[in-house]
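These notes concern the structure reproduced below.
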Amino acid sequence: MSDAAAGRTVRLLFAVGLLISVGMLLRSQVAGDQLNLLARGWMLAVEGQWISYGNPMSTGGKAPGGITSLLVGLPLMVWSDHRAPSLLVLLFHVLAYLTLDGTLKRILSPRERVLLSLLYWLNPWRVYFSAFLWNPNYLFLFGAVHLWTCLRQRERPRFWLSFLHAAGLALAFQIHASFLLLLVASGLLWWRGFFKPHWLGGFLGGVLASLPLIPWALELVENPAILTDADKGFLGRGLIYVFPLLRGLIYWFRYASLAVSEKIVDFDFSDILGSDPWLGPGLTIATTVLLPLTLILPVLANARLWRKRVRHRWRRELPADATDRAWLQGYAFWSFIAAVIVFALSPTTTMMWQGLILLHAAILPVILWAGALGRTRFKPRVERGMRLYLVAEIVLLLLIMLGSPQYRCSGHDPQGRDSFFFPLAHDHPMLHELNIQSTCPWPLNQPGKWWPDVLPVPGE
């Protein structure tokens with residue numbers, strides 16, 4: 001495949017992925033986490049009040065820092081609709097892909113560049129999280145910036161790249177706790193000689209990006225309840241119980257496959273068909289059975305990567321004359337080791353979104369392995385496999401757009417596992433002015449039911 005042909009293919013796949021994401025964005029729904037985020041944005045955009053802490057965390061307390069209030073509130077100042085912040089999420093995803101493609105196209109072959117568009121841009125995990133409002137959905141850009149700034153500082157430190165690297169870590173910290181995966185990866189990559197940070201640039205970037213933590217710290221003095229509950233879980237839980245660690249590592253392989261979460265493929269098409277007694281459940285069963293078969297690709301690719309790292313004495317620092325491809329292999333390997341460390345120490349069981357910040361690293365072994373096979377006698381099979389994988393991806397993405405719980409209004413069981421649209425204790429102008437009730441109405445004014453944590457109760 002020539003560079004020109006690869007460029008045309010990449011642009012076409014980019015357009016297809018973008019159209020699907022826009023379709024998902026138009027159909028995206030507002031569940032409990034989205035209401036909490038929109039309430040913070042509403043308080044900033046309409047009431048002029050900046051909430052200095054983020055959403056409730058699984059370990060108790062609130063996420064530190066008020067960056068989420070800015071990420072949600074600023075788009076609402078431009079477009080008063082619940083989908084406005086999701087447009088910013090999609091922009092983050094576009095920038096993430098363009099950053100990766102621009103960084104890696106000088107290293108990857110034309111065919112491997114197409115593989116990047118298949119395995120990253122059209123990745124069903126990424127596309128699913130590109131079109132609705134949620135903290136983890138912002139993290140893809142920070143992962144891409146991490147790889148870019150590390151690779152550009154492979155040979156010598158650079159002030160502005162270290163500034164961006166540290167600023168990205170500090171901002172990601174205020175969005176979601178899974179920033180630890182990038183932080184630990186940075187430490188390991190520096191230790192093994194994969195990048196050389198400019199310490200002053202990194203310090204200044206980290207300090208500047210941490211300024212939104214000052215109001216949070218002041219709020220913490222007045223309201224200690226916003227701090228994470230130390231009694232929920234304990235460090236090393238994944239190592240002691242093993243299952244939480246294994247679950248996290250399995251997601252590393254799943255991110256580079258079509259084996260998306262069972263929640264994503266819980267299909268229902270009654271929005272379109274009026275009733276859906278068999279199509280949705282049938283496709284849910286089919287995808288649940290068939291999609292895990294694609295796990296064989298990342299498993300084989302990672303096995304090849306680990307063999308190469310062991311054979312080349314992985315405990316040594318990166319040789320000065322190592323190729324960029326060897327650097328990418330090492331980046332993926334040490335990112336995986338970072339995941340092992342973080343998941344082993346995590347006080348909670350790893351959920352499907354908690355490793356997404358490393359998706360860009362999880363796909364690298366497959367790209368490099370398939371690219372190597374494409375330079376052998378298996379080239380025709382690799383090309384056929386890419387075409388088949390593309391068709392399967394697009395079909396899966398269309399099914400997700402039309403029938404996945406996050407992208408439909410009908411077919412939700414209020415008592416079930418996807419408990420969207422459960423009753424709210426009150427009504428509020430935000431629900432109407434952001435077109436939440438006109439998109440898919442919530443049951444309102446039911447005393448004793450749930451209410452967003454920072455949204456004032458009308459009349460009080």
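The values are calculated or read from the model by the stated rules, or taken from the named source; none is laboratory data. Model, not experiment: these values are computed from the prediction. For neighbour counting, all protein chains shown are included, and Cβ atoms are generated from backbone atoms with ideal geometry for every residue, glycine included.
Restricting segment 7-29 to residues that are touching a Phe, Trp or Tyr at 6+ places or on another chain (Cβ under 8 Å) and hydrophobic (A, V, I, L, M, F, W, C), which is farthest from residue 122 (Cα to Cα)? For segment 7-29, the residue satisfying everything is 25. Among the residues of segment 160-202, just one is surrounded by fewer than 20 Cβ atoms within 10 Å (Cβ to Cβ) and of a type in the set (Val, Ile, Thr), namely 184.
What about residue 32, is it in contact (Cβ under 8 Å) with a residue 24 or more places away in the chain, in contact with a strand residue (DSSP E or B) (Cβ under 8 Å, 6 or more places away or on another chain) and on the phi > 0 side of the Ramachandran plot?
no
Only one of the listed residues (78, 72, 16) is of a type in the set (Val, Ile, Thr), touching a residue at least 60 places away in the same chain (Cβ under 8 Å) and surrounded by fewer than 20 Cβ atoms within 10 Å (Cβ to Cβ). That residue is 16. Could you go through segment 284-293 and let me know if any residue there is part of a helix (DSSP H, G or I), in contact with a helix residue (DSSP H, G or I) (Cβ under 8 Å, 6 or more places away or on another chain), surrounded by fewer than 18 Cβ atoms within 10 Å (Cβ to Cβ) and aliphatic (A, V, I, L, M). The answer is no, given that none of the residues of segment 284-293 is part of a helix (DSSP H, G or I), in contact with a helix residue (DSSP H, G or I) (Cβ under 8 Å, 6 or more places away or on another chain), surrounded by fewer than 18 Cβ atoms within 10 Å (Cβ to Cβ) and aliphatic (A, V, I, L, M).
Evaluating residue 50 against the criteria (1) surrounded by fewer than 19 Cβ atoms within 10 Å (Cβ to Cβ); (2) touching a helix residue (DSSP H, G or I) at 6+ places or on another chain (Cβ under 7 Å); (3) not in a loop (DSSP other than H, G, I, E, B) leaves one unmet condition, (3).
Scanning segment 160-183 for residues that are in contact with a Leu (Cβ under 7 Å, 6 or more places away or on another chain) and assigned to a helix (DSSP H, G or I) returns 163, 167, 169, 172, 179, 181, 182, 183.
Any idea which of 248, 280 is modelled with pLDDT of 90 or more, surrounded by 13 or more Cβ atoms within 10 Å (Cβ to Cβ) and more than 25 Å from residue 28 (Cβ to Cβ)?
None of the others qualify; the one that does is 248.
Pairing each residue of segment 302-330 that is buried (at least 16 other Cβ atoms within 10 Å of the Cβ) and part of a loop (DSSP other than H, G, I, E, B) with any residue that is modelled with pLDDT of 80 or more and of a type in the set (Gly, Ala, Ser), provided the two are 6+ apart or on different chains, yields C-beta distances under 9 Å for 318/193; 318/326; 318/330; 322/330. Criterion applied to 388, 399, 356 was being within 21 Å of residue 1 (Cα to Cα), modelled with pLDDT of 95 or more and among the aliphatic types (A, V, I, L, M), and the one residue passing it is 388. Cβ separations smaller than 6 Å between residues 6+ apart or across chains give the following pairs from segment 438-451 residues that are touching a residue at least 12 places away in the same chain (Cβ under 8 Å) and surrounded by 11 or more Cβ atoms within 10 Å (Cβ to Cβ) to residues that are among the aliphatic types (A, V, I, L, M) and assigned to a loop (DSSP other than H, G, I, E, B): 449/425; 451/425.
Checking each residue in segment 331-363 for being in contact with a helix residue (DSSP H, G or I) (Cβ under 8 Å, 6 or more places away or on another chain) and either among the charged types (D, E, K, R) or not in a helix (DSSP H, G or I) (or both) picks out 346, 347, 348, 349, 350, 352, 353, 354, 355, 363. In a helix (DSSP H, G or I) and either touching a strand residue (DSSP E or B) at 6+ places or on another chain (Cβ under 7 Å) or among the charged types (D, E, K, R) (or both), is that true of residue 216? Criteria met by residue 216.
Rundown of residues vs (1) aliphatic (A, V, I, L, M); (2) more than 22 Å from residue 407 (Cα to Cα), yes/no style:
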| residue | (1), (2) |
| --- | --- |
| 251 | no, yes |
| 255 | no, no |
| 262 | no, no |
| 271 | no, no |
| 277 | no, no |
| 282 | no, no |
| 291 | yes, no |
| 318 | yes, yes |
| 322 | yes, yes |
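Residues are listed down the side, and each one gets a yes or a no for (1) modelled with pLDDT of 95 or more; (2) over 21 Å from the mean Cα position of the chain (by Cα):
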| residue | (1), (2) |
| --- | --- |
| 195 | no, yes |
| 202 | yes, yes |
| 220 | no, yes |
| 244 | no, no |
| 252 | yes, no |
| 259 | yes, no |
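Pairs meeting the criteria (first residue in segment 358-384 and more than 28 Å from residue 341 (Cβ to Cβ), second residue part of a helix (DSSP H, G or I) and of a type outside the set (A, V, I, L, M, F, W, C), beta carbons under 6 Å, at least 6 apart or on different chains) are 371/112; 374/111. Which ones in segment 406-460 are in a helix (DSSP H, G or I) and either at pLDDT below 90 or under 13 Å from residue 34 (Cβ atoms) (or both)? Listed by number, the residues that qualify are 406, 407, 430, 431, 436, 439.
Let's see how each residue does on (1) out of contact with any helix residue (DSSP H, G or I) (no Cβ under 7 Å at 6 or more places or on another chain); (2) surrounded by 17 or more Cβ atoms within 10 Å (Cβ to Cβ); (3) in contact (Cβ under 8 Å) with a residue 40 or more places away in the chain; (4) not polar (S, T, N, Q):
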| position | (1), (2), (3), (4) |
| --- | --- |
| 224 | yes, no, no, yes |
| 237 | no, yes, yes, yes |
| 240 | yes, no, no, yes |
| 263 | no, no, yes, yes |
